[in-house]
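Written below as structure tokens is the structure these notes are about.
Taken together, the values in this text are just the output of simple stated rules run on the coordinates, not laboratory data. Model, not experiment: these values are computed from the prediction. Glycine also receives a Cβ, built like all others from the backbone with ideal geometry; neighbour counts cover every protein chain displayed.
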Amino acid sequence: MDVNDREADLIGALCGGLPLVSRPFAELGRAVGMDEDEVIARLHALSTRGVIRRLGVIVRHHELGYRANAMVVWDIPDHEVSETGRRLAACPEVTLCYRRPRRPPAWPYTLFTMVHGHDRAEVEAAIAALAVREGVARHPRAVLFSLRRFKQCGARYQRRAAAE
Amino acid sequence: MDSIDRRLLDEFQHDLPLVAEPYAAIGRTLGIGEDEVIARLKRLVEAGAVARIGAVMRPHSCGHSTLAAMAVPPERLEAVAALVSAYGEVNHNYQREHRLNLWFVVAAAGPDDVRAVLDDIARRTGIEVLDLPMLEDFHIDLGFPLRWT
């Protein structure tokens, strides 16, 4: 945890979205017992520390015509994962890039990237071009297109005890 | 969707003005009034183009999360997906094209809370739940660049 209790309360209140009213930070503050200036100062500090990566309009890809998305996973040797991950993360086609554990034999892949596009063909072409350009085409990979979205919403880091 | 809507979606994915009246500030950039900014954003939320005006947090900075995967027999997929989605701790839940066909993110206050949800799902469904927590984060979140073609 990189945040104190007051900050956690504020982040929790923000999970549902900033209110669409003239003075949204004042309204947000009312929910957590802070005045407008304190809310703004805390959000500024959280952004400066990198706890908040970005604050703004969060778009929904699917509804904007980006109907295809694939999770592309790579089996990269352990000693190359970090360097490869940094390189793939910098690619314009890649919207997320994480290292996760292998779970052999069911799951040998360790580098997870996400690629979005208007349709399946566009995503497939982007992945093929990326693999060759970044020199990772020789590594085993799997492309997991999304078939159905059952649920999508912002994370709520709720405390179980408080939620029950 | 007109050019003002597109600019609202493109240019304000980060650096929302941290001032008392942020929508008025956005309006000054776009040459429209605060009321119109708010009305347009409400319409984009209702249309589903905008999820919310909000924050993207650095992973694990204010809680714990993991990516989980399950190999669900096709005839049970609908029911298992509904069971998984019903947890408040689950924020994304997708069917993907693979033997491991159900993928979801679990976020909670601490690792024990996350583990409890995974165990509960495994127990209730009788299906193994693969726990794939993030080990390293290479991602630089610059928002989502839109191509209006």
Legend entry - Computed over chain B, Cα set: Rg, Dmax in Å: 19.6, 57
Legend entry - Where labels lie 7 Å past Cα in the beta-carbon direction, separation of A:E38 and A:A121 in nm: 5.8
Inset, instruction - Only Cα pairs under 8 Å and at least 6 apart count here; give the relative contact order of chain A as a rounded whole percent. - result: 23
Legend entry - Difference of contour (0.36 nm per residue) and Cα-Cα distance, B:A25 to B:A71: 11.7 nm
Legend entry - Contour excess over end-to-end distance, with Cα ends at B:D137 and B:Y87 and 0.36 nm allotted per residue: 15.4 nm
Inset, instruction - Evaluate 2.2 N^0.38 Å with N set to the residue count of the protein assembly as shown, then give the Cα radius of gyration divided by it. - result: 1.02
Legend entry - Distance-filtered residues of the range B:82-99 - backbone nitrogen under 17 Å, label point 7 angstrom along B:I127 Cα→Cβ: B:82-87, B:90-99
Legend entry - Amide H contacts under 5 Å for A:Y109, placed H, 5+ residues apart: A:R103
Inset, instruction - Please report, in debye to the nearest 20, how large the charge dipole of the range A:61-145 is about its Cα centre when each Lys and Arg carries +1 at its beta carbon and each Asp and Glu carries -1 there. - result: 260
Legend entry - Spin-label model distance (nm) - B:D120 vs A:H62, 7 Å beyond Cα toward Cβ: 2.4
